[in-house]
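The values are calculated or read from the model by the stated rules, or taken from the named source; none is laboratory data. In this text the structure is predicted, and so the values were computed from the model without any measurement. Here the Cβ positions follow ideal geometry from the backbone for every residue, glycine too, while neighbour counts run over all protein chains shown.
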Amino acid sequence: MWAGVGLIIVVIIGIVLALTLRSGSDADASTSGVAQSGDTDPVTDATVRIGLTLEPTNLDIRTTSGVALDQILIDNVYEGIVSRASDGSIVPSLASSWTVSEDALTYTFTLQPGVTFSNGDALTARTAADSINQAIQTQAVDAVSLGDVKSVDAPDDTVLIVTLNTPNPNLLWALAGRPGLVLDPSATNDLKSSAVGSGPYLLSDWKQGDSITLTRNDSYWGEPAKVKSVVLRYITDNNAAVNALNSGDLDILAPINADLQTQVADSTTQLVEGDASDKFVLAFNNASGPLTDVRVRQAIRYAIDHPALVQARGGVDGLLGGPITPGDPGYRDLTALFPHDVDKAKQLLVDAGYADGLTLTLTTPNIYGTTFSDLLTSQLSEVGITLQTNSVDFSTWLTDVYTNKNYELSIVDHAESHDFASWANPDYYFGYNNPQVQDLYSRASIATTGEEQDSLLAEAAQVVSQDAAADWLTNFRTVIAIRSGISGVPTDRINSRLDLTSLSVERG
């Protein structure tokens, strides 16, 4: 699971939050996205083994794209100025409260006192200011989402002031992501293979190709983790992952392939569906080759039977007709724009000059299996399009498709929410360049009300969908398998955040 760049969110200007430590307030804010149980007597020396799919290529969260890093490091090892609850709302983290000026240009954060990094260095507002400024100056991943920042200052150890040149309704969302993470500017560790953070866990071991181990940070400033360690095992084969769960080698499988649910052998294992912002995107290279023709792109969209894709994946996913998922600003139901219509698809291909058919290459990461590619091959063949599938490992996909844009079609799970910015960026790997969309997004980025931003983004999303800039195969929903006796497991949006601060194992 992987996400693009660009973050946008509706933030109600003028909010004032004064909440307690994150470990307490987060539990209240995100109950709907955490698997709960009754009163427990936790086993504090327990180790929990979690099966995941996508392993990071390296651990440098400043320079390496990919939501696999956000999933395991944010909230667990690294902490931000603020954080996101499972429902997407902004909640305290290193900042216990904040205020926004009437002109929406000045954000003043009050930071928790007495916070230290895992190496013992103090984390103060000055440290936070240095870290955010460094992210901006080095153009770290997602730093562009901070918008037009005039200055980031710290008049004392607990007050952080972010001043903008123009309003940015995305600011709190951005500070709850990578740009707002506070890293120790004085640390000398190699960020590609280790991490020095302030969170409830330490990154203690990485066996590349196998697992990452997190251990409880006994010097954590907040409420300590309830388990001693968490082993995150990376298993790319869906059947092997279910076998590991059934054999007792895993305690949690996050997620389990929806069409393999019936293979779970232990009747006490709980299967929990979770909401997700994931968009399985059939990416089109809008900048070169046959897909520069809107008629070819539209033909592909008409040729796809989306309900059949959902059923093939276990019937859990939702239908999605555009680039914004339900719950995000700008969402509208766009599924009616391109209904399954084989005849219309054939005619569009004839109009585009492909009466004798068209051959396209589909480059897809091998972590997703073959369900989508097999069905698309069959469905597109009905309209005269032959797919040649090229299955590659994820690091190769990052190089060939994402970086070098050397592809025609691709499939990828864009897991992050509020990521519409990629459609307004002609340099992104989609190669989609529409001045109208760029103008609408630019106006939405400085909107001063949620209603205005929502309206502008909805209009932009409709243009993107009508242009057939891509096809949105499904809105992925997760099914998490949890062994009996384990609680506090996040269940919503786990592909972009896996907050393990409430994870607990019952005694007995």
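Quick look at the values:
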read-out	value
Test: residue in the stretch 198-220 that is in a loop (DSSP other than H, G, I, E, B), of a type in the set (A, V, I, L, M, F, W, C) and on the phi < 0 side of the Ramachandran plot	no
Criterion: hydrophobic (A, V, I, L, M, F, W, C) and either under 17 Å from Gln466 (Cα atoms) or out of contact with any Leu (no Cβ under 9 Å at 6 or more places or on another chain) (or both) - qualifying residue of Val281, Val310	Val281
Flag if Ile50 is in a strand (DSSP E or B), at pLDDT 95 or above, closer than 20 Å to Arg233 by Cα and within 24 Å of the chain's Cα centre (by Cα)	yes
Residue check for Gly209: closer than 30 Å to Arg49 by Cβ and touching a helix residue (DSSP H, G or I) at 6+ places or on another chain (Cβ under 9 Å)	no
Yes/no for Thr386 being in contact (Cβ under 8 Å) with a residue 12 or more places away in the chain and hydroxyl-bearing (Ser, Thr, Tyr)	yes
Residues within the stretch 137-156 that are charged (D, E, K, R) and either in a loop (DSSP other than H, G, I, E, B) or touching a residue at least 60 places away in the same chain (Cβ under 8 Å) (or both), tallied	3
Test set (1) modelled with pLDDT under 95; (2) in a loop (DSSP other than H, G, I, E, B) - Leu334 fails condition number	(1)
Inter-residue pairs, beta-carbon under 8 Å, first in a strand (DSSP E or B) and in the stretch 72-83, second of a type in the set (S, T, N, Q), 6+ apart	Ile74/Ser83; Tyr78/Ser198; Gly80/Ser93; Val82/Ser93; Ser83/Ser93
Flag for Ser93 being touching a residue at least 24 places away in the same chain (Cβ under 8 Å), over 25 Å from the mean Cα position of the chain (by Cα) and not assigned by TED's automatic domain parsing to the domain that holds Asp328	no
Test result for Ser96, under 11 Å from Leu172 (Cα atoms) and small (Gly, Ala, Ser)	no
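Table: residues versus (1) touching a residue at least 24 places away in the same chain (Cβ under 8 Å); (2) in contact with a Lys or Arg (Cβ under 6 Å, 6 or more places away or on another chain).
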{"residue": "Asp190", "(1), (2)": "no, no"}
{"residue": "Ser198", "(1), (2)": "yes, no"}
{"residue": "Asp210", "(1), (2)": "yes, no"}
{"residue": "Arg216", "(1), (2)": "no, yes"}
{"residue": "Val227", "(1), (2)": "yes, no"}
{"residue": "Val231", "(1), (2)": "yes, yes"}
{"residue": "Asn238", "(1), (2)": "yes, no"}
{"residue": "Ala241", "(1), (2)": "yes, no"}
{"residue": "Ala244", "(1), (2)": "yes, no"}
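The rows are residues; the columns are (1) in contact with a His (Cβ under 8 Å, 6 or more places away or on another chain); (2) surrounded by 22 or more Cβ atoms within 10 Å (Cβ to Cβ); (3) of a type outside the set (Ser, Thr, Tyr); (4) part of a helix (DSSP H, G or I).
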{"site": "Thr399", "(1), (2), (3), (4)": "no, no, no, yes"}
{"site": "Tyr402", "(1), (2), (3), (4)": "no, no, no, yes"}
{"site": "Tyr432", "(1), (2), (3), (4)": "no, yes, no, no"}
{"site": "Leu440", "(1), (2), (3), (4)": "no, yes, yes, yes"}
{"site": "Gln453", "(1), (2), (3), (4)": "no, yes, yes, yes"}
{"site": "Ala461", "(1), (2), (3), (4)": "no, yes, yes, yes"}
{"site": "Val479", "(1), (2), (3), (4)": "no, no, yes, no"}
{"site": "Leu500", "(1), (2), (3), (4)": "no, yes, yes, no"}
